[in-house]
Amino acid sequence: MSDSPAQTTPAPNEIPAAEAAKVAKYVRISKTVAAISFVLTVLTVAVAYMTKGNVLLSMLVVGLNIVAVAVYAMHLNAEQSHIRRAVFFSVLFLLDMFLVTLLAYSDRIHLPH
Amino acid sequence: MSAEVEIPYTVTARPDTGLYSAKIGIWLFLASEAMLFGGLFSSYLFLRMGAGPGLWPHGLLNVPVGTLNTAILILSSVTVVMAWAALKMRQFSKYRRWMATTIGLALVFLGIKLIYEYPQKFGHFGAYIKPEALAKYEPYLGNNYLASKGLSRRVEITGHLHSIHLEAGTADKPKFEAFIKKHDLKEEHGVYVIEGKEYTSKIQKELDSLKGSKAEYEVKLDAVNADPTNPVYDSPSLWPAKLSDKEAKIDKADIRWAGMFTPEHSSFFSVYFTITGLHALHIVGGVVVFLYFLGPGSALYKRNPEHLANRVECAGLYWHFVDLVWILAFPLFYLL
């Protein structure tokens, strides 16, 4: 059983208007996210220099940048719940991995410095 | 008699998930990739937080070049979307142009990284000074000045290695002669010269094993070590510090560890080369896939353009992820 029968390529003017509008909207979003991402990158550089490397503030800007790309450019916001769930759990696991690493530095027996 | 089997749901969505097969596949793959890079970034966190004062370098990477590379990747994320959109609109020649542009941008990124940035690091020298010898090198480290301002001390002298002047001293004679012979070093008044361009980390390890030998490293200093009390260097500058004309002589006996900026030089460079190297490999992987879609894979357009559009969409998601990893790696290594 196949759901992908051979198709004849339709001419551009045969694309349904709703589909064309959807594509155009997605292109617009991608361009906007790219512009925002670039501005946030420049902002990260500026924050790092103006605050002499304030890690928290810089990582906040980086976090915003990552969320913008993941949610809008990778259109997680419009994705099915299965995908969102998989991403949610991998982010949770990721944060857990960072937390475990950080816990090493609150270990009273092993204090590196 | 043979039956042709086709993979279901390559174009339309499965009724129960609302997704076509490749979409689920690529997201699960990206989730595993997040774990892979997450582990490495976790190592970064561990090494960075565990690094002693002055042992985590700042300002050694070229920020404007890193920013340019970030912009290139962001731009390529747009061009891959344009390629997908052209396919959806059944504009094949436009698709090819946008796909070729994406590949071009990816190659520029790789070129900057592998031809410009990496070789520059491999040709840069750094020597960590032993704690008991830090005062001797105060003119190059400026630690009294840094302490007066409440800043972290410097323990490394960096620059371009001119040469190493080596003497036998009390080293084991046969071992020393074997070293001289192996590297074909010429003698001048009892001193053997190793040229900077011939120096490698392997030679450094051999020098370390020549206990009792005397060596002096002639280093053309980076601006920060040439003028360490200049307030400009209190924090990393936006533009990479240039080499100065000033030279320093460092005794082997005062060196804790020396070498070129290769992965084994320091925790910073080991994690820098691991993460950026793996990221570069992902770029190479993306280029290979895009080349396939531009070349032989594009034949699918004639049979089923929507199927090709779905494939490009999945490759685009992967490409956005690669962009995302760089957005995180760039500030961690270049700025903070």
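Structural remarks
- Interchain or long-range residues, amide H under 5 Å from B:SER163's placed H: B:GLY196, B:GLU218
- Rounded to the nearest 20 debye, the dipole size of the stretch A:29-110 about its Cα centre is 120 debye, using +1 on the Cβ of Lys and Arg and -1 on the Cβ of Asp and Glu.
- The stretch B:88-139 pair-distance distribution - Cα-Cα, 5 Å bins, rounded %: 4, 15, 11, 9, 9, 9, 9, 8, 6, 5, 4, 4, 3, 3, 0
- Taking 25 Å as the limit for the C-alpha separation, the pairs B:LYS136/B:LYS246; B:LYS211/B:LYS249; A:LYS52/B:LYS205; B:LYS175/B:LYS214 exceed it in the case of A:LYS52/B:LYS205.
- The stretch B:200-271 and the stretch B:119-197 have Cα centres lying 7 Å from one another.
- Phi angles across the stretch B:327-333 convert, under the Karplus curve 6.51 cos²θ - 1.76 cosθ + 1.60 with θ = phi - 60°, into 3J(HN,Hα) values of 4, 7, 5, 4, x, 4, 8 Hz, Gly and Pro given as x.
- For the protein assembly as shown, the percent of C-alpha pairs falling in each 20 Å distance bin, counted from 0 to the bin holding the largest distance, reads 21, 44, 25, 9, 0.
- Electrostatic dipole magnitude of the protein assembly as shown [Cβ: Lys, Arg +1; Asp, Glu -1; Cα centre; debye, to 20]: 840
- Within straight-line cross-link reach of B:LYS182, aspartates and glutamates at Cα separation under 19 Å, skipping those fewer than 8 residues along the same chain: B:GLU167, B:ASP172, B:GLU195, B:GLU198, B:GLU206, B:ASP208
- FRET efficiency estimate (nearest 0.05) - Cβ-Cβ, B:HIS189 to B:LEU281, R0 30 angstrom: 0.05
- Label sites at A:LEU56 and B:ALA100, each approximated as a point 7 angstrom past Cα along Cα to Cβ, lie 5.2 nm apart.
- Dipole of the stretch B:67-160, positive end: most advanced residue of B:VAL80, B:SER148, B:PRO131 [Cβ charges, Cα centre]: B:VAL80
- When Rg and the Kirkwood radius Rh are both evaluated on Cα atoms of the stretch B:22-174, their ratio Rg/Rh stands at 1.16.
- When +1 charges are put on Lys and Arg Cβ atoms and -1 charges on Asp and Glu Cβ atoms, the dipole computed for the stretch B:76-219 relative to its Cα centre reaches about 1280 debye.
- The length gained on full extension between B:GLU264 and B:GLU247, counted as 0.36 nm times the residue separation minus their Cα-Cα distance, comes to 3.6 nm.
- Between the amide H of B:ILE255 and those of B:LYS130, distances stay under 5 Å, these residues lying 5 or more places away or on another chain, with hydrogens modeled in the peptide plane.
- Net charge of Cβ neighbours under 15 Å - reference B:MET89; Lys, Arg +1; Asp, Glu -1: +4
- Charge dipole of the stretch B:134-278 about the Cα centre (unit charges at C-beta), most positive-ward option of B:GLY196, B:TYR233, B:ILE275: B:ILE275
- Inter-label distance, nm, simple model (7 Å from Cα along the C-beta direction), A:ASP107/B:MET35: 2.3
- Most mobile of B:ASP245, B:ASP184, B:ASP16 in a GNM of chain B (Cα contacts under 10 Å): B:ASP16
Read the figures in this text as sums done on the coordinates, not as results from a lab. Remember, it's a predicted structure, so these values are computed and weren't measured experimentally. Virtual Cβ from ideal backbone geometry, glycine too; neighbours counted across all protein chains shown.
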